[in-house]
Amino acid sequence: MNEMEEQVISLSEIFEALKKRWIMIVAITLTATIISGVISFFVIDPVYEASTKVFIGKEESDDAAYNSSDINMYQQLLQTYAQAIKTKDLVNRAISGLSYDELEASSVVDALTVNPISSTQILEIKYKSKDAEEAKDVLKGITDEFIVTAKELVPNGNVRVIEEVELPENPVSPNKKMNIAIAFLLGLMVSVGLVFLLEYLDNTYKNKDQLEKELGIPVLGAIPDIESI
């Protein structure tokens, strides 16, 4: 029974602490949410991602059927092609004919992602840029140059685009909704934690019940608040 009473009192004290400083909780939470929204919408530049997929297989003129060794060979070849795509020489050739003079091969390679799709003969290639048109043009140039290079590396191989590069319409980052939601939760957690910290540091007695509980003696009288009379 005593444990239950102590739990009820504890919950009541928590509620009272939150109720007493609810303005601070709301203010901190709203401030964090608004700041996150402003940064996400007006400060962070949007990033666009263009993507394409290419198939790696036999020469189209080869009528022989695929066998398991052929499939394993081309699946392993994906790893080689993935590394070949992310070379500065290939990228330099790809962007040399584009009208983006500020582009450098090293920065393009850093923004380029090549993923061999597991258990397939398909390479997924992605490129991120702050300019949607640039993302499309650069990736298209890299894909075209890769097809030429792949033919030189494996003359009897066949590299074919199965998903054309399209102009990305929506940015992939920042994730505005996610940023705002995280900021809201962090603001709420920080404000509630601050309330509990202030309550912990406050060693004054708020009422006679708290005084009796802490000292273990009854309160015989109380001095009235003259201003409230």
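Between ARG160 and GLU124, the modelled labels are 2.1 nm apart [label points 7 Å from Cα along Cα→Cβ].
Assuming charge only on the beta carbon of Lys and Arg (+1) and of Asp and Glu (-1), the dipole of region 35-153 about its Cα centre is about 320 debye to the nearest 20. Scanning residues 5 or more positions from GLU59 or on other chains, those with amide H under 5 Å from its amide H are ASN158, with H placed 1.01 Å from N in the peptide plane. Suppose each label sits 7 Å from its Cα in the direction of the beta carbon; what would the SER96-ALA181 distance come out to in nanometres? The answer from the label model is 4.7 nm.
Counted residue by residue at 0.36 nm each, then reduced by the alpha carbon distance between them, the extension gain from LEU30 to ILE44 reaches 3.0 nm. Dimensions of region 91-136 from C-alpha coordinates, computed as largest minus smallest value along each principal axis and given longest first, are 39, 21, 16 Å.
Charges were assigned to the Cβ only: +1 to each Lys and Arg, -1 to each Asp and Glu. The resulting dipole of region 137-190 about its Cα centre is roughly 340 debye. Shape of region 38-151 from its Cα gyration tensor (a ≥ b ≥ c, root eigenvalues): rounded if a/c is under 1.5, otherwise prolate when a/b > b/c, or oblate? Because a/c hits 1.5 or more and a/b exceeds b/c, region 38-151 counts as prolate. Scalar couplings 3J(HN,Hα) for region 127-132, obtained by applying the Karplus form with A = 6.51, B = -1.76, C = 1.60 to θ = phi - 60°, are 9, 10, 7, 6, 10, 4 Hz; x denotes Gly and Pro. Check each of the trypsin sites (Lys or Arg not before Pro) in region 100-169 and keep only those in coil by DSSP with at most 16 other C-beta atoms within 10 angstrom; list them in order. Counting only loop positions with at most 16 other Cβ atoms within 10 Å, the trypsin sites (Lys or Arg not before Pro) in region 100-169 are LYS130.
Read the figures in this text as sums done on the coordinates, not as results from a lab. Nothing here was measured: the structure is a model prediction, and the numbers come from that model. In this analysis, Cβ positions are derived from the backbone assuming ideal geometry, glycine residues included, and neighbour counts consider all displayed protein chains.
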